[in-house]
Structures are given as structure tokens and as C-alpha cells.
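What follows is a short report on a single structure.
Taken together, the values in this text are just the output of simple stated rules run on the coordinates, not laboratory data. For clarity, every value in this text was computed on a predicted model and none was experimentally measured. Cβ placement follows ideal geometry from the backbone for every residue including glycine, while neighbour counts extend to all protein chains displayed.
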Amino acid sequence: MSDTTSRISDNIDRFFDSDVWWSFKSSKVTIGAAIVTVLIIITAIFAHWVAPQNPFDPAQLDLLDSSLPPVWYADGTWKYMLGTDDQGRDILSALLYGSRISLMVGGASVVAAALIGVTLGLLAGYLGGSVDSLIMRVADVQMSFPAILVALLIDGVARGLLPNERHDELAIWVLIIAISLSTWVPFARTVRGSTMVEKNREYVQAARVIGRRPVAIMLHHVLPNVMGPVLVIATIGLATAILTEAALSFLGVGVPPTSPSLGTLIQIGNNFLFSGEWWMVVFPGIQLAVLVLAVNLLGDWLRDALNPKLR
Amino acid sequence: MLALIIRRLLQSVMVMLTVALIAFIMFRFVGDPIAQMVGQDTPIADREAMREQLGLNDPAPIQFARFVFNVVQGNFGISYQKGVPVDELILSRLPATLELSFVAALFALVVAIPMGIYTGLYPRRWLSNVFLTVSLLGISLPTFLIGILLILFFGVMLGWLPTYGRGEIVDLGAWTTGLLTESGIRSLLMPAFTLGLFQLTLIMRLVRSEMLEVMRTDYIKFARARGLSNRAVHFGHALKNTLVPVITITGLQLGSIIAFSIITETVFQWPGMGLLIVQAIQFVDIPVMSTYLIVIAFFFVIINMIVDILYHVVDPRLRAETGGKGH
């Protein structure tokens, strides 16, 4: 027990001693992006406690409070700092709950995409031959279409296959599958490339000589050495996934209005643009942009920090 | 060169057949085509007769062959939602999307290349930092949000520009254009800017990084040592060598502009193919979906092929490798 704790604290010491931590500390922009990201994630996870109102509990809604402007307008109140929508939902609360859905769908899609991509990339890179050319052919064809288009079509097909009444409850899963199936290619390409380099190294040959099975070699020897770039792609992929989800929801084929993500909120708000109720669309928009920007900045930093050429 | 073109053509045909297969599977197996065409109370016997008549009981390969045969002739079936032949539907929407896409691409290129050259040549000037920061915003702001903000500002608050539709259009027979009327051009401004902005940032960053790379090479130092003017070095030697990747990426981006127009068209209610496909997906209008897939794939394949051939024209090294004797 004390052995593991000391090993963990060793690892923590090593982390604070590393180049990665140093480059993090020395970039103000990165620190800012990290703080913003963590803040958004925490307020989203604990939306239940942080948000002034549960926007999806009809008992807490008051139609008399509908379409109120933000607090700095004459008829705005502190109770609804960022105003309310047409059903009297507090925009700030809807925003926090919406971020939760956006982050959840984005995160799950990236994890799924990484699992698919890393598995196929390892197989293609390690086995080579016809497995390799099959996987990479599929990747090439898919890569020539934008992810949003692939996701849109998968979503459309899923709608056709599922019974109508289950659309809404399954919408989030369909969305996650659609986004992950449309974004796995960069993972597969990178992992394949590094695997092809690693598999000829001495340590892999040694593992083969002592008779480890290919699966074990791939998982225990090759995988840990190709994970760096995967982390970078995953971070930037999170930003892309959140944007893709928002775009699909905005187009009306994403999550249903009963559990709105930031994209759904923007779509709802868009309907009230011409009646001058700009706050319904602008605040979710700002939240989305800030979140994506912060995650992108983190991804950029991670790419530079893990790139030995730039050190 | 000829061998290259033939090889690329064959590859393109293979890709198109694969896409057609996916479209066929969607068309045939997602939902029941018969159920979409007949009323609730059509007897089973009539349905079976229709099934037989339409050849839906034939073996799948024969059905696929017939599907491809029909597609080649431009016969894509009938929209479930609108009851009109899909090819007419797509053709009537095509000009709007293509016009928007080309204007957006042109705008992106014309603005992005000078910005990229400037930031590449003078990476430390403050204007370069402004360009880079703006481009980071351009990448992070989702397209639909930019569109909505533009509508809010220029459409609703200032009332300068129309916020939806194509404005007055001129019918040229097979083609409709909004470029010939004032209201058409005014309607095009915001959608084209919205659609082009992302590509603009992408191309600018690409030109910049290529410029930075090229400026470090020996032949640039050598050109300077020969006493060439800045202008000759920058444009004669450096820019020329950054163009190969720029052509490739821009060409490939043209395809994704057409695809990304889905979002822009929804925001501005632009009556193009994108708006059509979004409605088709909401209504699970499979014939329209599979046709859209084929049409878009066709564009992509054509663009990829042209880019590939251009690549060989621009870069003499590639010409030498493929065995061309053209120089």
C-alpha cells in the first residue's frame, strides 16, 4: 500500500519537474484557457447546485417571467441575470445545463472515436498487409468528406431505422455514434504511423522473441509509446466534437429540445432574433465559443509541449 | 500525364461506385420504399404487385445494377416528402449552392493569401498578431453563430442587409443567378462571408506557415546573397514555392465549402441543396438523402481529380517521377 502511494507521489513529483509542466507554467494564455475550461466543466457538472433554477422542472417556471431581458435593462431583474426565454426559463441556468449536455456528448464522442481510431490504427500499423490497406482505404474515402456531412448522414439513416417514438430518448446515443464514426480517422492515421515506427524498435523485437502474443505486444508495448499524439488529437477533437454536436443540434437533428445542448439553445434563440430578444441566442453562443476556444488553446499548447522538435 | 489521368479516372469511378453502393443500401434497406408510396389502407396484394412491378423482389446485385443505371441517366427516384422527382429538386437548388460556394471560396482566397504572405514575411509585427488572433477566433466561432451574429447586427439592428433568401434572381434557363441584381448581391454578402470565414483562416494559416518554412531555406538566402530585391525574393522565389500546398488545400476545401453550406444555408434560409438535405433528414426522405450523397461525392471526386492533375502541372518534381517527358 505504502509502496503504491510513494509511487504515485513519485509520479506527481516527476510531473511537476517535467518540461510539460514547465511549458504550462510559462504560458499565461494556456493557464487562462485551463482555468476557463475547468470552470466551465465544474459549473456544468454541478449545474444542479450552481444554477439558480432548474430550467426543466415545470414547477419552477413562471410564464409571467417569460422573455425578460438581462439585468442591465430597465425591466431586467437580478433573479434572472441573463434574462429568460419564451417559457420563462432562466438563460443562465439553461446555459449551465446545456454545457453539461454539450460536454457529455462531446466527451463521449471523443472517447469512442479514440477507441475506434486507436484500435484500427494499431491493427493497421502492426499487422500491415491487406488489413492495413483495407482500413486505410476506408479512412481515405471517409477523410475526403467533411465530418459534419458524415455525421449528418449517419444521423439521418439512424432516424430512418429507429421507430419514431424512440427518436428523442435515443437521440443522444445516435449523436455520439454519428460524431465518433465521423471523427475516428485522425486517430487511426496517427497511431498507424507511430506504430509502424515502433514495431521495428528493439524492445518490440525483444518482446516478440520472448514469445509475447501480438495482442499483448500491441497493448503493453506499442500502445503506451504512441499515446502522446493521441492525447493531442483528443483535446483538439473535443473542441471539434462539441462544435459538431452544436451544429447538428442547431440544424434540428441533434439532441431534442427537452434536454437542450448549447446548440439547441442557440437554435431556439434563433427563432426570437427578429423580435429583438437577442439574449436568448447570444449568451449560449458566447458560452459555446469561449468553451471551444479554451479547449483549442489547450490543444495547441499540448501539441507544442509534447513535440520534442520544438523544445 | 495521360497515364496519370486514366489512373485517376479509374480510381474515381471506383469511389463513385462505392458511394453509389452506400446510397443504394440506404435507399433500399432503410425504411420500406413501398410503405412510403402507398396509403395506409392499400391491400397487401396490391403492395406485393407493386413490389414485383418495381423489381424490389429481384436479387440485390440486379437491383444495384438497375440503381446505378438509373443514376447514370439522372433518374434518382421520387422524393417521399414532396412527391417530385429528386433530380428536378436537386437541379433547381444546385445554382444557389454553387453560386454561394464559389463566391465564398473566391472571397476566402482573395483575402487570405495577402494576409498569409504578410504574417509569414513579418511574423513579429503587431498587425500579424492581430491577424493571427482574429484567425483563431474564426476557427473557434462556429459558422452558425457567426451567421446569427451578422444577422443580428447588420440585419436586425442596422437593417442594412437582407437576412434571408436569395433576393431577386434572374432565370437563365437551366441556371438561376442572383449575381445580376442588386438585391441578389446584397443577399449574398452575409452568407458568403459566413461560409468563407473558416476557409479564410485555414488558408491564411497555411500560407503563413509555408512562407515561414520557405523563408528559412538556403535558396532564399542564396537569392538574397545574389542581391535580388525583396520583391523578387518574396514573390518570385518564396511565394511560388508555397503555392503547391495552397492549391491542394484550397481545391479540397472547395468540396467542404459545398458541404458546409448546409449550415450557412440553414441560418440564412438560402434556398440551396443544403437546406433541402436538412429538411430531408428531418423527414427521413431517403431518396433525397442518397441523391445528395451521390451528387456531393461526384463534386468531391471531380475536384480531387482536378487538384491532383494541377499538382502535377505545378510541381515539376512530380512530373519527373511519373515518367512524363514534358520538360
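Take every Cα pair under 8 Å whose residues are at least 6 apart in sequence, average their separation, divide by the length of the stretch B:87-326, and the relative contact order is 27 percent. With bins 5 Å wide beginning at 0, the percent of Cα pairs of the stretch B:87-326 falling in each bin runs 1, 6, 11, 14, 15, 15, 12, 9, 7, 5, 3, 1, 0, 0.
Overall form of the protein assembly as shown: rounded. Here a/c, set by the Cα gyration tensor axes a ≥ b ≥ c, is under 1.5. Considering only A:ASP85, A:ASP57, A:ASP13, the mean-square fluctuation computed in a Gaussian network model of chain A, springs between alpha carbons under 10 angstrom, is largest for A:ASP13. Per residue of A:153-162, other chain Cβ atoms within 10 Å of the residue Cβ number 6 on average. Seen from A:HIS221, the other residues with C-beta closer than 13 Å to its C-beta sum to a net charge of +3, counting Lys and Arg as +1 and Asp and Glu as -1. How far is the Cα center of the stretch A:114-155 from the Cα center of the stretch B:43-90, in Å? With the stretch A:114-155 and the stretch B:43-90 each reduced to a Cα centre, they are spaced 31 Å.
Scanning chain A for DSSP H helices at least 18 Å long along the axis (C-alpha atoms) with a Kyte-Doolittle mean no lower than -0.5 picks out A:28-45, A:91-127, A:129-143, A:147-161, A:167-183, A:185-198, A:223-250, A:279-306.
Order these by the 10 Å Cβ neighbour count, fewest first: B:LEU145, B:LEU2, B:LEU310. Don't jump to the answer; show the numbers that get you there.
Working: B:LEU145 28, B:LEU2 7, B:LEU310 14.
Ascending number of Cβ neighbours within 10 Å: B:LEU2, B:LEU310, B:LEU145.
Within 10 Å of the Cβ of each residue in B:281-289, the mean number of Cβ atoms contributed by other protein chains is 4. Within the listed set B:LEU189, B:LEU152, B:LEU100, the residue fluctuating most in the Gaussian network model of chain B (springs between alpha-carbon atoms under 10 angstrom) is B:LEU152. In whole Å, how far is the Cα centre of the stretch B:105-147 from that of the stretch B:251-268? For the stretch B:105-147 versus the stretch B:251-268, the Cα centre distance is 19 Å. The GNM of chain B, with springs linking C-alpha atoms under 10 angstrom apart, assigns the highest mean-square fluctuation among B:THR217, B:THR97, B:THR266 to B:THR217. Label reach from A:ARG7 (point 7 Å along Cα→C-beta): in the stretch A:218-232, amide nitrogens under 18 Å belong to A:220-221, A:224-225.
Of B:ILE90, B:ILE44, B:ILE220, the sequence from fewest to most neighbouring Cβ atoms within 10 angstrom is B:ILE44, B:ILE220, B:ILE90.
Remark: A:ARG89, A:ARG213, A:ARG192, A:ARG201 ranked as A:ARG213, A:ARG201, A:ARG192, A:ARG89, counting other beta-carbon atoms within 10 Å and listing the fewest first. Normalised by the number of residues in chain A, the mean separation of alpha-carbon contacts (under 8 Å, six or more apart) gives a relative contact order of 22 percent. Quick one: grab the alpha carbon gyration tensor of the stretch A:98-179, order the square roots of its eigenvalues as a ≥ b ≥ c, and give me rounded if a/c is under 1.5, else prolate or oblate depending on whether a/b is larger than b/c. Prolate shape, in that a/c is at least 1.5 and a/b is the bigger ratio.
Neighbours of A:SER180, meaning other residues whose beta-carbon lies under 13 angstrom from its beta-carbon, give a summed charge of -2 when Lys and Arg score +1 and Asp and Glu score -1. Indicate the gyration tensor shape class of the stretch B:188-327 (rounded, prolate or oblate), computed on the Cα atoms with a ≥ b ≥ c the square roots of the eigenvalues: a/c under 1.5 is rounded; otherwise a/b larger than b/c is prolate and the rest oblate. Verdict is oblate for the stretch B:188-327.
Hey, got the dipole for the stretch B:87-326? About the Cα centre, +1 on K and R Cβ, -1 on D and E Cβ, debye to the nearest 20? Intermediate values should be presented prior to the final figure.
Numbers: 16 positive and 14 negative charges, 300 e Å.
Charge dipole, the stretch B:87-326, about its Cα centre: 1440 debye, nearest 20.
Peptide B:253-262 is shielded by partner chain Cβ atoms: per residue, an average of 3 of them sit within 10 Å of its Cβ. In the stretch B:92-213, taking the dipole from charged Cβ atoms about the Cα centre, the farthest positive-side position among B:ALA192, B:PHE144, B:LEU132 is held by B:LEU132.
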